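The values are calculated or read from the model by the stated rules, or taken from the named source; none is laboratory data. Note that the coordinates shown come from a computational prediction; the quantities given were computed from them, not determined experimentally. Positions of Cβ are backbone-derived with ideal geometry, glycine not excepted, and every protein chain shown enters the neighbour counts. Accessible surface areas use protein heavy atoms only, side chains included; no ligands, DNA or RNA. Shrake-Rupley method; radii C 1.70, N 1.55, O 1.52, S 1.80 Å.
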Amino acid sequence: MQGVMKFVKGWLVFSLLWGVFMWFVSWKAQDKPFAMVIVMSLYAGLIYQALMTMVARYKARRAQT
């Protein structure tokens, strides 16, 4: 359960940071709807966290051998 909470925490933190960054850099000028911005940030955070989890598991398995 601790791994799941770590995954969710990382996902939400990255999503928040990515959403704020992209809002000021790009999305505000493009007049994106706020709901779409939230969904896009959550998807980006989910993909990023899944990739980071895969990398961490790969490194852990290599360290065992």
Unique match (being open to solvent by less than 80 Å² (accessible area, probe 1.4 Å), on the phi < 0 side of the Ramachandran plot and more than 16 Å from the chain's Cα centre (by Cα)) among Lys28, Lys32, Lys59 | Lys32
From the list Val8, Val37, which residue is surrounded by fewer than 14 Cβ atoms within 10 Å (Cβ to Cβ) and either of a type in the set (Lys, Arg) or within 17 Å of the chain's Cα centre (by Cα) (or both)?
-> Val8
